[in-house]
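Step one of this worksheet: look at the structure below.
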Amino acid sequence: MKQLMLGNKAVARGLFEAGCRFISSYPGTPSTEITEEAVKYDEIYCEWAPNEKVALEAAFGASLAGARAACAMKHVGLNVAADPLFSISYIGVQGGLVICVADDPGMHSSQNEQDSRHYAIAAKLPMLEPSNAQEAKDYVKKAYEISEQFKTPVLVKMVTRIAHSQSVVETEDRVERELIPYEKDQERVMMPAQAKRAHYKVEERTKALTAFAEEDKINRIEEGTDKAIGIITSSTSYQYAKEVYGDQYSILKLGMINPLPVEKIKNFAANVDRVLVIEELDPIIENHCKMIGVQVSGKDIFPLVDEFSQRVVADCMELPSKEFRSVDVQVPARPPIMCSGCPHRGIFYTLKKNKCMVYGDIGCYTLGAVAPLNAMDLNVCMGASLSGMHGFNKARGAEAERRTVGVIGDSTFVHSGMTGLANIAYNQSNSVSIILDNSITGMTGHQQNPTTGKNIKGDPAGQINLVDFCYALGFPKERVRIVDPYDLKQCDEVLKEELEVCAPSVIISRRPCALLKYVKHNPAYSVDSDKCVGCRSCMQIGCPSLSFVDGKAVIDATQCVGCGVCKQMCHTGAILDGLLTQSAVSGESKEGSVN
């Protein structure tokens with residue numbers, strides 16, 4: 001049966017058809033939908049893990065038990081999973097193990113633009129790279145065959161344009177796989193002697209995989225009519241090259257990006273006058289070609305940064321190309337901003353008001369860095385805020401401690417922030433850690449996490465109590481404070497108190513995300529234009545419901561959720577209606593008392 005599918009949905013379909021039994025992942029755009037689609041198949045056990053390292057380790061455990069298993073993550077998530085990745089490469093697998101990683105050229109939702117192909121090379125693992133949804137499904141199934149044939153994990157690399165674009169997919173039935181019997185093998189224990197022997201096996205495996213890459217149709221040559229140019233490419237770059245030049249030039253389309261073939265590339269190059277390598281980001285294919293003695297043009301023509309497009313390919317090659325349609329219209333800029341009623345807004349306004357140095361983290365709250373709040377100094381990676389703040393305070397002393405805070409979301413805290421807080425408790429820096437508890441993993445689309453008490457399907461699950469966790473780390477009860485971010489006065493008072501205390505402390509800002517379905521909103525606020533003096537105080541919080549028309553504040557009732565923050569900013573009483581409720585803060589969504 002044919003279906004129109006997102007690339008990520010096609011990956012999930014491939015996992016289903018291949019008989020995958022176990023998936024553990026951590027959400028991260030552009031990979032999230034892989035697991036969200038896979039959970040719809042009852043035949044596959046799916047879970048959200050606290051982070052990517054745990055997800056890969058759990059998936060490997062399922063593979064060791066003889067099941068076909070998988071995990072999915074974005075490119076920076078592979079950094080987190082790198083530790084087990086390299087060891088698992090040496091150990092090998094039992095049941096097939098597929099690791100789906102989604103890169104983000106153009107950084108649509110990421111803090112960097114790294115190229116995951118480097119991990120495949122460094123860990124000496126095969127990597128497949130689909131160029132459309134049909135290939136995404138097929139390559140996953142191929143990955144399982146390779147995994148079990150060569151006893152290796154296999155990386156399947158997506159990119160944003162493949163993950164989030166749709167194309168037609170031919171679906172097939174699921175093929176159930178029996179569990180492979182478990183056998184004790186102490187060669188899997190990676191002590192030095194065994195690890196040395198394992199390395200030799202990995203190198204032999206790489207030779208065998210290179211021979212596979214030479215012969216298998218996953219790397220194919222498409223003959224063109226003009227031998228003046230031959231193009232070596234993969235992934236989205238293949239689609240751009242085909243759209244720009246059709247069948248004019250011969251193309252070596254690489255589906256297996258590591259290990260790369262040698263003789264197939266040499267033979268292809270021998271039949272054309274000039275070879276171009278078209279690949280996004282780093283010159284992986286280009287460097288391989290030059291290393292084996294094939295002269296190519298690549299990054300001397302194409303950029304090293306940002307994602308490609310049909311126009312980029314055509315312009316860089318400076319050759320006759322198809323005309324592209326374009327619409328000559330000025331589209332207003334729409335920079336990202338916190339939603340109306342976002343619970344993070346009140347905290348960041350308070351931090352700005354108190355002129356704090358804010359060590360940020362990864363999540364919706366990263367938007368605290370944008371105008372008009374401008375209340376975040378930097379962010380590094382998941383979980384870095386608390387450990388980074390600790391180092392900053394230790395280096396600068398009392399002056400910094402009275403003005404520096406670290407902010408981290410509830411999901412990010414469980415992902416990799418808990419160890420940073422443990423470091424603060426253990427090494428006793430006078431640091432104020434703010435956990436932004438909005439009862440969900442917000443940035444990637446409302447996934448559950450270990451603090452919500454629900455699993456990936458929304459069923460009851462184990463729940464981490466953030467308050468009790470802080471107590472367990474050694475924070476005294478008086479140094480673990482809970483505030484309602486809609487209450488600006490409370491936020492300001494508690495922040496000032498904790499900044500002055502000569503001890504580590506934690507502030508938990510507790511309000512569910514305003515977009516959660518169960519959150520009940522207050523009636524929209526309105527503005528009495530006669531009382532409004534045009535002071536723009538309310539505009540300091542950057543709420544999209546607020547605007548200025550003819551020198552007066554205006555509230556868009558279709559967006560306003562009645563959070564009451566703007567009303568507290570108004571000194572003339574011009575903002576009317578709406579009631580500030582405490583029901584969502586009193587512990588209904590999470591356990592713990594309110595100070």
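Overview of values
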{"read-out": "Qualifying positions in segment 44-89 - surrounded by 20 or more Cβ atoms within 10 Å (Cβ to Cβ) and hydroxyl-bearing (Ser, Thr, Tyr)", "value": "SER63, SER89"}
{"read-out": "Scan of segment 112-140 for residues that are closer than 20 Å to LEU281 by Cα and part of a helix (DSSP H, G or I), ordered by number", "value": "ARG117, HIS118, TYR119, ALA120, ILE121, ALA122, ALA123"}
{"read-out": "Single match in VAL561, VAL527 (criterion: within 30 Å of GLN448 (Cα to Cα) and either surrounded by 13 or more Cβ atoms within 10 Å (Cβ to Cβ) or in contact with a Lys or Arg (Cβ under 8 Å, 6 or more places away or on another chain) (or both))", "value": "VAL561"}
{"read-out": "Among (1) without any contact (Cβ under 8 Å) to a residue 60 or more places away in the chain; (2) buried (at least 19 other Cβ atoms within 10 Å of the Cβ) - the single one ALA461 does not satisfy", "value": "(2)"}
{"read-out": "Any chance GLU493 is exposed (fewer than 15 other Cβ atoms within 10 Å of the Cβ), among the acidic types (Asp, Glu) and in contact (Cβ under 8 Å) with a residue 12 or more places away in the chain", "value": "no"}
{"read-out": "Among (1) in contact with a helix residue (DSSP H, G or I) (Cβ under 9 Å, 6 or more places away or on another chain); (2) surrounded by 15 or more Cβ atoms within 10 Å (Cβ to Cβ), the one test that CYS502 misses", "value": "(2)"}
{"read-out": "Which numbered condition LYS207 fails, given (1) assigned by TED's automatic domain parsing to the domain that holds ALA123; (2) not in a helix (DSSP H, G or I)", "value": "(2)"}
{"read-out": "Yes/no for GLU187 being farther than 23 Å from ASP115 by Cβ and either in contact with an Asp or Glu (Cβ under 9 Å, 6 or more places away or on another chain) or assigned to a strand (DSSP E or B) (or both)", "value": "no"}
{"read-out": "Any chance ASP437 is buried (at least 22 other Cβ atoms within 10 Å of the Cβ), under 30 Å from LYS40 (Cβ atoms) and acidic (Asp, Glu)", "value": "yes"}
{"read-out": "Check on ALA371, surrounded by fewer than 23 Cβ atoms within 10 Å (Cβ to Cβ), small (Gly, Ala, Ser), in contact with a Gly (Cβ under 9 Å, 6 or more places away or on another chain) and part of a loop (DSSP other than H, G, I, E, B)", "value": "yes"}
{"read-out": "In segment 106-133, residue nearest to the chain's Cα centre (by Cα) [restricted to those that are within 24 Å of LEU4 (Cα to Cα) and surrounded by fewer than 24 Cβ atoms within 10 Å (Cβ to Cβ)]", "value": "HIS108"}
{"read-out": "Cβ-Cβ under 6 Å pairs, at least 6 apart or on other chains, segment 87-98 side more than 18 Å from ALA122 (Cα to Cα) and assigned by TED's automatic domain parsing to the domain that holds LEU56, far side of a type in the set (Asp, Glu) and surrounded by fewer than 24 Cβ atoms within 10 Å (Cβ to Cβ)", "value": "GLY96/GLU148"}
{"read-out": "Unique match (being part of a strand (DSSP E or B) and within 24 Å of VAL101 (Cα to Cα)) among ILE251, ILE257, ILE285", "value": "ILE257"}
{"read-out": "Selection status of ALA228, in the same structural domain as ASP103 (by TED's automatic domain parsing) and either part of a helix (DSSP H, G or I) or farther than 21 Å from ALA123 by Cβ (or both)", "value": "no"}
{"read-out": "Single condition TYR471 does not satisfy, out of (1) surrounded by fewer than 21 Cβ atoms within 10 Å (Cβ to Cβ); (2) under 28 Å from GLN448 (Cα atoms); (3) without any contact (Cβ under 8 Å) to a residue 40 or more places away in the chain; (4) touching a Cys at 6+ places or on another chain (Cβ under 7 Å)", "value": "(4)"}
{"read-out": "Test: residue in segment 278-289 that is in contact with a Gly (Cβ under 6 Å, 6 or more places away or on another chain) and surrounded by 13 or more Cβ atoms within 10 Å (Cβ to Cβ)", "value": "yes"}
{"read-out": "Residue within segment 299-307 that is buried (at least 22 other Cβ atoms within 10 Å of the Cβ), touching a residue at least 40 places away in the same chain (Cβ under 8 Å) and of a type in the set (D, E, K, R) present", "value": "no"}
{"read-out": "The listed residue being touching a strand residue (DSSP E or B) at 6+ places or on another chain (Cβ under 8 Å) and under 27 Å from THR419 (Cβ atoms), out of ILE88, ILE146", "value": "ILE88"}
{"read-out": "Checklist (1) loosely packed, with under 14 Cβ neighbours inside 10 Å; (2) in contact with a Phe, Trp or Tyr (Cβ under 7 Å, 6 or more places away or on another chain) applied to LEU209, failing item", "value": "(1)"}
{"read-out": "Residues (among the small types (Gly, Ala, Ser) and modelled with pLDDT under 95) located in segment 396-422", "value": "GLY397, ALA398, ALA400"}
{"read-out": "Residue among MET389, MET376, MET357, MET382 that alone is touching a residue at least 60 places away in the same chain (Cβ under 8 Å) and farther than 19 Å from ILE482 by Cα", "value": "MET382"}
{"read-out": "Some residue of segment 3-25 being free of Cβ contacts under 8 Å to residues at least 24 places away in the same chain and out of contact with any Cys (no Cβ under 7 Å at 6 or more places or on another chain)", "value": "no"}
{"read-out": "When residues of segment 260-276 are limited to those that are assigned to a strand (DSSP E or B) and within 36 Å of the chain's Cα centre (by Cα), the one farthest from SER116 (Cα to Cα)", "value": "VAL275"}
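The values are calculated or read from the model by the stated rules, or taken from the named source; none is laboratory data. Just so we're clear, the structure is a prediction, and the values are computed from it rather than from any experiment. All Cβ positions, even for glycine, are placed from backbone atoms using ideal geometry, and neighbour counts span all protein chains on display.
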